[in-house]
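What follows is a short report on a single structure.
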Amino acid sequence: SSWPPLMRAAAPVGLAIVFGTVLFRVDAAILAGFEPDDVVGNYGAAFRLFETTLFISWSVGTAVYPVFARLTRETEPPVALVYERALKLLFAATIPIAVGALVLGPELTRLLYGAEFERAGDAIVLLAPAVALYPLAHMAGWLLVARDRQATVAVVYCVAAVANIVANV
């Protein structure tokens, strides 16, 4: 008897995960339809560097989610204060990485992957803003789920995935 309500609550989270996967993976698939393998490989190398920064947001999000679920606007501290502090922590960690990727992208990819992936530096420069902005989206998602707004997260991820597909095409 407890399964139907649990599945209704979990379904939007599952959809959000599907749309998030599309959001993160469809660009390389679309690129493969228009460009040769070396271009796709260079983009993939740059995207892997971007993905290495995601653990920062995932770690902080996982740590603060139980606090988000417990606090309200009226509690002490209020949920907004914890959200603000989590974002400050994330931005303090990711903005320097994003600036480093922006300034040192080509040198970084040459150092890590070798000269054959030199063009990946251009892609990492383009992905650098995402390093700094992803924590904002990720933390907002955690907060919405903690506030029982899973459907909102699924809708936002769906819109972002569709916009990403359109922009990439």
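Calculated FRET efficiency, Leu111 to Ile17, Cβ-Cβ distance, R0 = 35 Å: about 0.55 to the nearest 0.05. The residues of the chain present an accessible area of 59 Å² per residue when probed at 1.4 Å with all protein chains retained.
Note that the range 1-61 carries a Kirkwood radius of 14.1 Å, evaluated over its alpha carbons pair by pair. The helix-based estimate of mean residue ellipticity at 222 nm for the chain, built from -39,500 (n - 2.57) per DSSP H run of four or more residues and divided by its residue count, is -30500 deg cm²/dmol to the nearest 500. Using only the Cα atoms of the range 42-111, build the gyration tensor, take square roots of its eigenvalues as a ≥ b ≥ c, and label the shape rounded, prolate or oblate: rounded if a/c is under 1.5, else prolate if a/b is larger than b/c, else oblate. Cα axes put the range 42-111 in the prolate bin. When a 1.4 Å probe is rolled over the protein heavy atoms, the share of accessible surface on the chain that falls to carbon and sulfur comes to 71 percent. Taking label positions 7 Å along the Cα-Cβ direction at both Val159 and Arg48, the computed distance is 3.5 nm, reported to one decimal. When every Cα-Cα distance of the range 30-149 is counted in 5 angstrom steps from zero, the calculated P(r) takes the values 2, 12, 19, 17, 14, 11, 9, 7, 5, 3, 1, 0 percent. Rounded to whole Å, give me the distance from the Cα center of the range 67-145 to that of the range 32-61. Here the answer is 14 Å between Cα centres.
Residue separation times 0.36 nm, minus the C-alpha to C-alpha distance between Phe55 and Lys88: what's the value? Walk me through the numbers before you get to the answer.
On the way: separation 33, 0.36 × 33 = 11.88 nm, distance 1.60 nm.
The Phe55-Lys88 span can extend by a further 10.3 nm.
Near Leu143: Cβ cut-off under 13 Å, other residues only, Lys/Arg at +1 and Asp/Glu at -1. The net charge is +3. Relative to the Cα centre, the charge distribution of the range 25-92, modelled as +1 at Lys and Arg Cβ and -1 at Asp and Glu Cβ, gives a dipole magnitude of about 380 debye. If R0 is taken as 25 Å, the Cβ-Cβ distance between Ala80 and Leu133 corresponds to a FRET efficiency of 0.80.
The values are calculated or read from the model by the stated rules, or taken from the named source; none is laboratory data. All values derive from a computational prediction rather than experimental measurement. Cβ coordinates were reconstructed from backbone atoms using ideal geometry, including for glycine residues, and neighbour counts include every protein chain displayed. These area figures cover heavy atoms from the full protein model, side chains too; ligands, DNA and RNA do not enter into them. Shrake-Rupley method; radii C 1.70, N 1.55, O 1.52, S 1.80 Å.
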